[in-house]
Amino acid sequence: MSETIPGDGFRLRRATADDVDFVLELSSHDDVEPYLRAIRTRDSETLLEEIELSLAEPQESGRFVIEAEEEGEWRRAGVMSFDVANKRSRIANLGGLAVHPDFRGRHLADEAARVLKRHLLLDLDYHRLQLEIYGFNERAIKHAERAGFIREGVKRKAYWRHGEWVDSVLFGLVREDLEGS
């Protein structure tokens, strides 16, 4: 059974095989794709393997679907994920956050990120969460700041994206940072 974490008007649940088409369609949407990392899963077979790993090893990996409640029904609205970066030091890399354009403007991503970070730090006992955002993705940078992540630095001209070298903005969060967020 898929783990579900409730929020206010939304829920976060582990993806299942039934979500493969939604995840692939969302990640290839014209308003989403330019902001996701260039190297990511793009085929259903590999995505299904990632989802199965998330379900089998929930401490090591997570592929989540954000669902929003509308008129008493749950609708898929977005996705987010994590993977263990360093098991011994209990560090997780966050990524793959995408909200369908139909659901933007509701701060759904902010609320879902707050729920996920508490789940990872308090329920799964991670010490540190970290993420990396393209420097041109101002919407995602503002989201990370609103969600309580701490800007830790910039990797200058770190990635070749859209025909040019782009910066990467680094964010982190440790359990102690949860105070007040």
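Of the candidates L122, L131, the single residue that is open to solvent by 30 Å² or more (accessible area, probe 1.4 Å) and either in contact with a Phe, Trp or Tyr (Cβ under 9 Å, 6 or more places away or on another chain) or of a type in the set (G, A, S) (or both) is L131. Out of everything in the stretch 130-181 that is among the β-branched types (V, I, T) and either touching a residue at least 60 places away in the same chain (Cβ under 8 Å) or part of a strand (DSSP E or B) (or both), what residue ends up being nearest to R90 (Cα to Cα)? The residue in question is V174. Quick check on V115: is it touching a Phe, Trp or Tyr at 6+ places or on another chain (Cβ under 9 Å), in contact (Cβ under 8 Å) with a residue 60 or more places away in the chain and assigned to a helix (DSSP H, G or I)? Answer is yes for this residue. A count restricted to the stretch 67-96 and to residues that are basic (K, R) and not in a strand (DSSP E or B) stands at 3.
Cβ-Cβ contacts under 7 Å between residues 6 or more apart (or on different chains), taken from a first residue in the stretch 57-72 that is of a type outside the set (A, V, I, L, M, F, W, C) to a second residue that is loosely packed, with under 14 Cβ neighbours inside 10 Å and in a loop (DSSP other than H, G, I, E, B), are listed as E69/G9. If you go through the stretch 6-28 and pick out every residue that is at pLDDT 90 or above and polar (S, T, N, Q), you end up with 1.
The values are calculated or read from the model by the stated rules, or taken from the named source; none is laboratory data. As the structure is a prediction and not an experimental result, all values here were calculated from the model. All Cβ positions, glycine included, derive from the backbone under ideal geometry; neighbour counts span all protein chains shown. Just so you know, the surface numbers come from the protein's heavy atoms only, side chains and all, with ligands and any DNA or RNA stripped out. Shrake-Rupley method; radii C 1.70, N 1.55, O 1.52, S 1.80 Å.
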